[in-house]
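Taking it in order: structure first as structure tokens, then the write-up.
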Amino acid sequence: MNKEHKQPLQSSLRVQELLYGLRIIEVMTKKVFAVTRNCNMRDVQAIMKNNSISGMPVVDNKRVVGIVTMNDLMNALEQGGMEDSVIKWMAGEVQTLAEDMPLSFAISAFGKFPFRQFPVVNKKNELTGILTFRNINHALIRELSRQLREMEQQSEQPVDRASLNFSKVYQLNRYDFENGGKASSRIKSFLKERGVPPKTVRRVAVASYELEINLVAHSIGGMLGFDINENRVKISSHDRGPGIGNVENAMTEGFSTANEWIRSQGFGAGMGLPNVKRVSDEFAIESAVGMGTMVQAIIYLKPEKQNESQ
């Protein structure tokens, strides 16, 4: 693959299975900005502005008693409450995460609760960090890059082509980040166990993961299918909407239709579909607004059939 393409591909390699090898304490932001109940909303405004943050825990003797967000700040500003105590505007019911939990628990929490960040506490229930989905995304990229480097250093084994025949369809639901990535992880393991070269496995991992996350993050749900034989891996994505108004724009790096919530979770960089096309030997996309989007990516397993640029 061309040298200028390697870095974008590295940044898009994210596989959900890595969650089970990481703990929240390894991923969270340990530098925490917090306020006490004695602070007023003017104090909150200054801290948020000076540190470019959108929310803070409210603590009492290191114990989390609430959380105040940018939305709370805007409400106080509009209603002339900037001199009010934080306790009047904060959300008092706060979901926290334990720092020794597996990171997979955090993924579940993001799916169950409408929060964009979670205070993290130790065994004494004292505040020790903040976890956002951006923290998780960055940690997965770093860990997967490390594992891929190790994988490429291993000696390649002959491909067991006789056992490559495989067909499977996975159902994916909107915002189900807990399960998003599992299908591509299983396919990666399937190919790796049969001796498919690591660089080819990487290309399949990129294409399948990007399509899987697109289904979870940008559609209302759909199906991801794999059809594998001794010659190629065919990945098919079919969602139920909302569809793409301008496919040409969607294939431009950096262009994204992601909503504000998805962007706040670390997704929506506009690299998904371009990455899929870049790693594929054959690529096709069809979409209609209100109907949905269909994508097909084919990656050849036999070197003589792969693109000359690989």
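Quick rundown of the values:
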{"quantity": "Matching residues in the stretch 224-246 - criterion: being under 18 Å from residue 286 (Cβ atoms), part of a strand (DSSP E or B) and in contact with a helix residue (DSSP H, G or I) (Cβ under 8 Å, 6 or more places away or on another chain)", "calculated": "224, 235, 237, 239"}
{"quantity": "Filtered residues of the stretch 91-116 (kept if in contact (Cβ under 8 Å) with a residue 60 or more places away in the chain and over 19 Å from residue 180 (Cα atoms))", "calculated": "97, 98, 99, 100, 101"}
{"quantity": "Pairs, first closer than 30 Å to residue 124 by Cα and outside any helix (DSSP H, G or I) in the stretch 59-83, second at pLDDT below 90 and of a type in the set (A, V, I, L, M, F, W, C), C-beta under 7 Å, six or more apart", "calculated": "64/94; 66/91; 66/94; 67/91; 67/94"}
{"quantity": "Filter result for the condition that a residue is surrounded by fewer than 22 Cβ atoms within 10 Å (Cβ to Cβ), over 26 Å from residue 284 (Cβ atoms) and at pLDDT 80 or above, over 156, 193, 178", "calculated": "193"}
{"quantity": "The stretch 21-68, subset buried (at least 19 other Cβ atoms within 10 Å of the Cβ) and of a type in the set (Gly, Ala, Ser), residue modelled with the lowest pLDDT", "calculated": "55"}
{"quantity": "Subset tally (residues that are at pLDDT 80 or above and over 13 Å from the mean Cα position of the chain (by Cα)) for the stretch 129-153", "calculated": "3"}
{"quantity": "Residue, nearest to residue 279 (Cα to Cα), within the stretch 198-223, restricted to residues that are surrounded by fewer than 22 Cβ atoms within 10 Å (Cβ to Cβ) and at pLDDT 85 or above", "calculated": "200"}
{"quantity": "Selection within the stretch 193-233 - of a type in the set (Lys, Arg) and under 23 Å from the mean Cα position of the chain (by Cα)", "calculated": "199, 202, 203"}
{"quantity": "Residues of the stretch 22-58 satisfying the condition of being under 30 Å from the mean Cα position of the chain (by Cα), in a helix (DSSP H, G or I) and not charged (D, E, K, R)", "calculated": "24, 25, 27, 44, 45, 47, 48, 50, 51"}
{"quantity": "Given (1) at pLDDT below 80; (2) within 28 Å of residue 132 (Cα to Cα), number of the condition residue 245 does not satisfy", "calculated": "(2)"}
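The values are calculated or read from the model by the stated rules, or taken from the named source; none is laboratory data. None of the values given here were measured: they were computed from a predicted structure. Heads up, the Cβs are rebuilt from the backbone with ideal geometry, glycines too, and the neighbour counts pull from every protein chain shown.
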